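K.L.:
Okay, handing you the structure first.
The values are calculated or read from the model by the stated rules, or taken from the named source; none is laboratory data. Being a predicted model, the structure only gives us computed values, none of them experimental. Virtual Cβ from ideal backbone geometry, glycine too; neighbours counted across all protein chains shown.
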Amino acid sequence: MNILYVASEAAPFCKTGGLADVAGSLPPSLVRKGDSVSVIVPLYQSVADQFHGELEFVKWTFVRLAWRSVYCGLFRYEKDGVTWYFVDNEYYFRRPELYGYYDDAERFGFFSRAVTELMREFTEKPDVVHCNDWQTALVPIYIHDEAVRDDFYKSIRTVITIHNIEYQGRYGRELLEELFGLASGWYDGGTLAYEDGINLLKGAIVNSDAVTAVSPTYAQELKYAYFAHGLENVIAMCEGKLSGVLNGIDEKSFDPRADKSIAATYSPGNMAGKKKCKEQLQQTMGLQVKPDTPIVAMVTRLVPHKGLDLVCETLDSIMEKDVQFVVLGKGEAQYEAFFNYARARYPGRVAVYLGYSDALSRQIYAGADLFLMPSKSEPCGLSQMIAMRYGTIPIVRETGGLKDTVRPYQSWNGEGNGFSFANYNAGDMCHVVCEAIDLYHNNPDAFKLLQKRDMNEDFSWKRSAEEYHAIYEKLCK
Ligand code: GLC
């Protein structure tokens with residue numbers, strides 16, 4: 001089958017979060033399953049800066065966006081059996097950040113329109129167009145809109161994957177015709193209507209042939225108002241075409257046996273390298289070099305749904321134990337201020353890096369002993385899987401993909417692969433973190449066994465690629 005995968009970011013080209021990791025690593029796995037896959041993303045400044053010489057110019061054209069006729073260039077790149085397409089328009093995409101501009105609706109409206117028009121020219125017509133999150137949610141709408149007039153689009157099937165339903169692309173009603181060039185029926189018929197404006201993600205959920213969420217538990221959670229941010233009724237209505245497919249991780253890139261960013265490599269059979277990684281992490285981050293003090297780490301965006309208020313509430317109690325705490329991330333000022341304060345209050349025991357660094361994040365995955373993810377909601381979460389791959393035991397709240405990947409340790413029979421708590425409650429989190437620290441100190445053999453078990457877990461894309469392939473096949477029957 002021919003699959004066109006549409007995303008607003010994809011590693012290694014452009015990345016702000018987990019979506020990029022998925023868009024970078026699922027397509028090559030689909031190719032291994034026998035599908036022919038193209039991925040299309042905007043040609044951001046960061047892509048142009050890093051890859052420009054390597055991209056092959058395909059063509060240029062003008063794309064219609066309501067009354068606008070907008071320049072659109074197309075570039076191509078072949079990698080791991082996947083054809084990569086980049087949509088060029090410097091006015092929209094030659095900017096330092098990927099998102100967060102006043103005209104994001106127009107930028108991604110243009111991108112979605114461009115994808116819809118450009119797919120006519122691709123050597124192989126897509127059987128399935130697979131879109132992701134609100135930025136590409138107009139693609140299924142445009143495809144169905146065109147199909148009324150144009151046979152080319154009639155046979156194309158569409159999939160929308162929800163990576164995080166918090167971001168929906170909600171805009172004023174007036175943008176429908178004026179910006180997106182769609183007839184009022186798309187509002188009046190209810191597809192895009194939400195309260196008194198339009199909601200792009202809602203439109204894609206209603207209109208696509210299949211809807212997927214990035215973990216089975218998240219697919220269930222989306223039926224509840226607490227998780228669905230106003231779209232619970234739409235999800236309930238579409239239940240018949242909704243499924244949850246757990247993300248995998250790029251097991252080649254995240255591999256403690258071969259990772260070039262860490263102080264020493266290691267494997268389940270020879271863990272000496274992990275000790276070195278810990279020592280180096282303590283040195284580089286200004287922590288006391290203590291091989292027998294466990295390091296609890298977080299690599300996270302500093303935003304509320306990551307559960308940071310639980311950490312703020314309980315850090316003092318946790319620090320009463322013999323433990324060190326490491327945080328890497330950036331985000332809201334209140335959390336940055338809190339971690340700066342914590343670093344000053346616990347010198348040599350709390351280390352903070354307010355920013356993002358791929359190399360340092362890998363050194364943390366490798367050098368830490370425990371990895372904390374107390375998320376309020378977590379559609380899938382990739383960090384807990386990466387941590388496990390580096391033998392760092394996760395402590396998570398039982399939500400979304402965290403629930404699907406972490407099985408709580410049971411002291412009476414030694415089963416499980418991490419630690420977890422159910423209620424979003426600081427006391428519960430603190431209790432479990434302390435349990436994990438105690439296991440490290442008091443039962444090193446059990447701790448080592450957990451590490452080995454975690455490193456041997458299968459988080460590859462193999463199974464999930466099969467599930468996506470089955471969804472595509474069902475749609476094309
Ligand atoms: C979003 C979600 C995260 C998920 C990622 C990839 O960033 O918040 O939980 O792992 O998408 O699907």
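K.L.:
Looking at 362, 345, can you tell me which residue is in contact (Cβ under 8 Å) with a residue 40 or more places away in the chain, out of contact with any Gly (no Cβ under 9 Å at 6 or more places or on another chain) and surrounded by fewer than 23 Cβ atoms within 10 Å (Cβ to Cβ)?
P.N.:
362
K.L.:
Going by the conditions given, is residue 423 outside the structural domain of residue 211 (by TED's automatic domain parsing) and surrounded by fewer than 16 Cβ atoms within 10 Å (Cβ to Cβ)?
P.N.:
yes
K.L.:
I would also like to ask the following. Residues in region 274-297: is at least one surrounded by 15 or more Cβ atoms within 10 Å (Cβ to Cβ), under 24 Å from the mean Cα position of the chain (by Cα) and in the same structural domain as residue 392 (by TED's automatic domain parsing)?
P.N.:
yes
K.L.:
hydroxyl-bearing (Ser, Thr, Tyr) and surrounded by fewer than 22 Cβ atoms within 10 Å (Cβ to Cβ) - does that describe any residue in region 209-216?
P.N.:
No, because not a single residue in region 209-216 is hydroxyl-bearing (Ser, Thr, Tyr) and surrounded by fewer than 22 Cβ atoms within 10 Å (Cβ to Cβ).
This table checks each residue for (1) among the charged types (D, E, K, R); (2) touching a Gly at 6+ places or on another chain (Cβ under 8 Å).
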| residue | (1), (2) |
| --- | --- |
| 112 | no, no |
| 130 | no, no |
| 137 | no, yes |
| 143 | no, no |
| 173 | yes, yes |
| 182 | no, no |
| 187 | no, no |
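K.L.:
Mind checking whether some residue in region 113-136 is surrounded by fewer than 18 Cβ atoms within 10 Å (Cβ to Cβ), within 29 Å of residue 215 (Cα to Cα) and in the same structural domain as residue 12 (by TED's automatic domain parsing)?
P.N.:
Looking for residues that are surrounded by fewer than 18 Cβ atoms within 10 Å (Cβ to Cβ), within 29 Å of residue 215 (Cα to Cα) and in the same structural domain as residue 12 (by TED's automatic domain parsing), one finds none in region 113-136, hence no.
K.L.:
Go over the candidates 381, 400, 391, 367 one by one and state the one that is assigned by TED's automatic domain parsing to the domain that holds residue 451, at positive phi, away from the ligand (no atom under 11 Å from the Cβ) and in contact (Cβ under 8 Å) with a residue 40 or more places away in the chain.
P.N.:
Step by step, each of 381, 400, 391, 367 is checked, and only 391 is assigned by TED's automatic domain parsing to the domain that holds residue 451, at positive phi, away from the ligand (no atom under 11 Å from the Cβ) and in contact (Cβ under 8 Å) with a residue 40 or more places away in the chain.
K.L.:
OK, next. Which numbered condition trips up residue 455, out of (1) surrounded by fewer than 20 Cβ atoms within 10 Å (Cβ to Cβ); (2) touching a residue at least 40 places away in the same chain (Cβ under 8 Å)?
P.N.:
Here residue 455 clears every test but (1).
K.L.:
Sticking with this one: Go through (1) of a type in the set (Val, Ile, Thr); (2) closer than 28 Å to residue 28 by Cβ; (3) assigned by TED's automatic domain parsing to the domain that holds residue 218 for residue 235 and report which single condition fails.
P.N.:
Evaluating residue 235 over (1) of a type in the set (Val, Ile, Thr); (2) closer than 28 Å to residue 28 by Cβ; (3) assigned by TED's automatic domain parsing to the domain that holds residue 218 leaves (2) as the failure.
K.L.:
Go through the residues of region 288-309 one by one and say whether even a single one is within 16 Å of residue 369 (Cα to Cα), in contact with a Pro (Cβ under 6 Å, 6 or more places away or on another chain) and more than 16 Å from the ligand (Cβ to nearest atom).
P.N.:
No, the conditions are met nowhere in region 288-309.
K.L.:
When region 136-152 is examined, which residues are found to be in contact (Cβ under 8 Å) with a residue 24 or more places away in the chain and away from the ligand (no atom under 16 Å from the Cβ)?
P.N.:
Result: 138, 139, 140, 141, 142, 143, 144, 145, 146, 152.
K.L.:
Now for a separate question. Do you know which of the residues in region 218-241 that are among the acidic types (Asp, Glu) and under 27 Å from residue 306 (Cβ atoms) is farthest from the chain's Cα centre (by Cα)?
P.N.:
Within region 218-241, the match that is farthest from the chain's Cα centre (by Cα) is 232.
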